[in-house]
1. Name every residue in region A:152-177 that is more than 7 Å from every other protein chain (Cβ to nearest Cβ), outside any loop (DSSP other than H, G, I, E, B), touching a residue at least 60 places away in the same chain (Cβ under 8 Å) and not β-branched (Val, Ile, Thr), in order of residue number.
2. Six or more apart or on different chains, Cβ under 9 Å: which pairs go from a residue in region A:105-133 that's more than 14 Å from every other protein chain (Cβ to nearest Cβ) to one that's modelled with pLDDT of 90 or more and surrounded by fewer than 16 Cβ atoms within 10 Å (Cβ to Cβ)? Could you list them?
3. Please work out which residue is nearest to B:Ala67 (Cα to Cα), limiting yourself to region B:177-198 and to residues that are free of Cβ contacts under 8 Å to residues at least 40 places away in the same chain and of a type outside the set (D, E, K, R).
4. Looking at this structure, is A:Ser111 over 20 Å from A:Met190 (Cα atoms) and touching a Ser or Thr at 6+ places or on another chain (Cβ under 7 Å)?
5. Out of region A:441-462, which residues are within 21 Å of the chain's Cα centre (by Cα), more than 9 Å from chain B (Cβ to nearest Cβ) and of a type in the set (A, V, I, L, M)?
6. Conditions first: (1) outside any loop (DSSP other than H, G, I, E, B); (2) surrounded by fewer than 23 Cβ atoms within 10 Å (Cβ to Cβ); (3) among the β-branched types (Val, Ile, Thr). B:Val131 passes all but one, so which condition is the exception?
7. I'm trying to understand the selection: among the residues of region B:102-128, which are of a type in the set (A, V, I, L, M), facing another protein chain (nearest Cβ under 7 Å) and not in a strand (DSSP E or B)?
8. Can you tell me how many residues within region A:78-122 are crowded, with 16+ Cβ neighbours inside 10 Å and either acidic (Asp, Glu) or farther than 30 Å from A:Leu206 by Cβ (or both)?
Amino acid sequence: MKRQARFELDEKTLMLIDDMVDAERNYLAERARQAELEGHDPEPVRRISSRRHFLAAAATGLVGAGMLPKIVQAKAPPGAMERPVPADAAKVLGTPTGDDAGYGSRSQFESEVRWRFPTPTKESSWTMTPLDGSLGIITPSGLHFERHHGGIATIDPHKHFLYVHGMVERPRKYSMADLKRMPSISRTHMIECSGNGLTEWTKPTLKTAQGTHGLTSTSEWTGVPMSLIMQDVGVKPGAKWVIVEGADAAVMTRSLPLEKMYEDAFLAYGQNGEAIRPEQGYPLRMNTPGWEGNTSMKHIRRIEITDVPYQTREETSKYSDLMANGKARQFTFVMEAKSVITFPSGEMKLPGPGFYEVTGLAWSGRGKVTKVEVSANGGQTWAEAQLQDPVLPICHTRFRLPWYWDGKPAVLQSRSTDETGYLQPTIKQLTDVRGTNGPIASIYHLNGIQSWAVAANGSVTNVHQY
Amino acid sequence: MSINTRKLLVAAGVAAVAAGCATNPQGTHLDMRTAYNGAPLNFGTTPTAAELSKFFSYPPDGRGLPAGSGNWEQGKKVYEQKCQVCHGDKLQGVAGMGEALNGGRGTLVNNDPKKPPMKTVESYWPYATSVFDFIKRAMPFNAPGSLTDSEVYAATAYVLAQGNIIGKTEVLNAQTLPKVNMPNKDGFVPGDPRPDVK
């Protein structure tokens, strides 16, 4: 399925999408094959995973092409430890306390992993969160989606400093200890890559919710408000922008409006109760709530206060939205209201008519989700779903709705409304305004309604229905 | 100021922050201009000029651009040694490696879902300073930050000349780089018009 290489930028992206389709197909085929080995339905209702999948895969050496990390070759799935499984756990003593050396791991029977988008280099690449298996609103730190532009930096926090300079009264160099001494806050926010769903603009392409929506994740982040830093350095009159810079090999820079620093941006050193993971920018990252993920600069080492945007590569040639008229929107930061049904979703199979709980995630970069509606007939009629409390602003919001499936073909959709009154649009409503400048249109900021078709045999597939 | 007064001020600051949390479950906006009214924390140190000199970022007006210079001919050597393996001998890009750097003019106006636009330095990038900044910052991919400033000027000149944006004899330096007229310099509309669907 390799496209003829024409070596053009967006041809390259298209080739990546082809590779992703191939990789996802291989992953699903491998999953089905392993399930067959175990003698159960190759398309489980939920993705109930088994350590035996991995043992079988390791034994035969037939792990799906590049989709599963190397660690799969070990006895236990990533993040788990191999333990002997007794016939009756009530009849033998379990693992000694402290046998994990003090840091726990997940069950060896759980094997959900991030998928790596098969970019040519592993240093400039991204992985997607398995949303279809998600429970509640928090993404485990080890499943938080990733985007790297120059590999995952390994940084000694004792040698990491944050420089704040430019149009300020008091330029500062802060150590991590300095930052941790400051007044701190914790916020539970989603971060979404503005490229989330880029394969889905003009036709249904990837099969699973992980593929179509896996570039969004939610963590509790802890750190220092940027407004405090701004006050500490004393911003000079005339300053309007800040340039933020990472300490990884991409040395990435973005220009951000100064006002965001006063409004709600913060520097995070904590994630879900512990230090942020290396993949998320250890030891320090920016968090710009509700804005495209690229602006939450990882491994941040420098903030320059200035008067104009610097027009960096990432805010001109990338992360700009090319319209049909040839003009590109720039500095489109906000991630608009969006939602996706995670169960049932693509590649699952309902065993038969009857009761199901339809559930999914909704979010908005502009604040709280106030309403999520679900349709089982492709958007002709809608029913309001229940939202899991507490509903937090700029955060994944879990919705649930009981559904009795009559066994006839159905198209499941969800749409969210946020506190500004904005209603999640259809994909067509978006392309009617933005045009379709090529197969992946304007690439970024697709927040259209996702459709999952349920066939009479219970199988669920990604479709476009407006 | 007595120690007691200090404690009181600190306590007042904390109270102000806490009061701000009343209206939403995660706390309101964190505007310390009103929540905190104390003096600077005096944490950290003042960075030296030498420390700050290792950093750079160049806006379109070219302020801060370093000394050094380069042209097409010098850039050709740099390109062939450091860039070509990923970006191709004609800057056309290499499948599975670097992006195309030239071509694509006239492909941006397009509403065809089957025909991709071709976004390159030549067709899409609005500022030459961004090209210089990015090469100096992050290229070559496997050895970022390894080029001298003159090599970066030269590589930039080569890419721009191959894209027919400047002439092969033009010299790029701190004065000339910001004056380069990129073909798509008017192609970007700042500001966010969304929501598109109301």
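The values are calculated or read from the model by the stated rules, or taken from the named source; none is laboratory data. These numbers were taken from a predicted model, which means no experiment stands behind them. Cβ placement follows ideal geometry from the backbone for every residue including glycine, while neighbour counts extend to all protein chains displayed.
1. Within region A:152-177, A:Pro157, A:Phe161, A:Leu162, A:Gly166, A:Met176 meet the criteria.
2. Going by the 9 Å Cβ cut-off, the qualifying pairs are A:Arg106/A:Gly142; A:Gln108/A:Glu82; A:Gln108/A:Arg83; A:Gln108/A:Val85; A:Phe109/A:Val85; A:Val113/A:Gly142; A:Arg114/A:Gly142.
3. So, considering only residues that are free of Cβ contacts under 8 Å to residues at least 40 places away in the same chain and of a type outside the set (D, E, K, R), the one nearest to B:Ala67 (Cα to Cα) is B:Asn181.
4. Taking the combined requirement at face value, the residue satisfies it.
5. A:Ile443, A:Leu446, A:Ile449 - these are the residues of region A:441-462 that are within 21 Å of the chain's Cα centre (by Cα), more than 9 Å from chain B (Cβ to nearest Cβ) and of a type in the set (A, V, I, L, M).
6. (2)
7. Within region B:102-128, B:Leu108, B:Met118 meet the criteria.
8. Counting residues in region A:78-122 that are crowded, with 16+ Cβ neighbours inside 10 Å and either acidic (Asp, Glu) or farther than 30 Å from A:Leu206 by Cβ (or both) gives 3.
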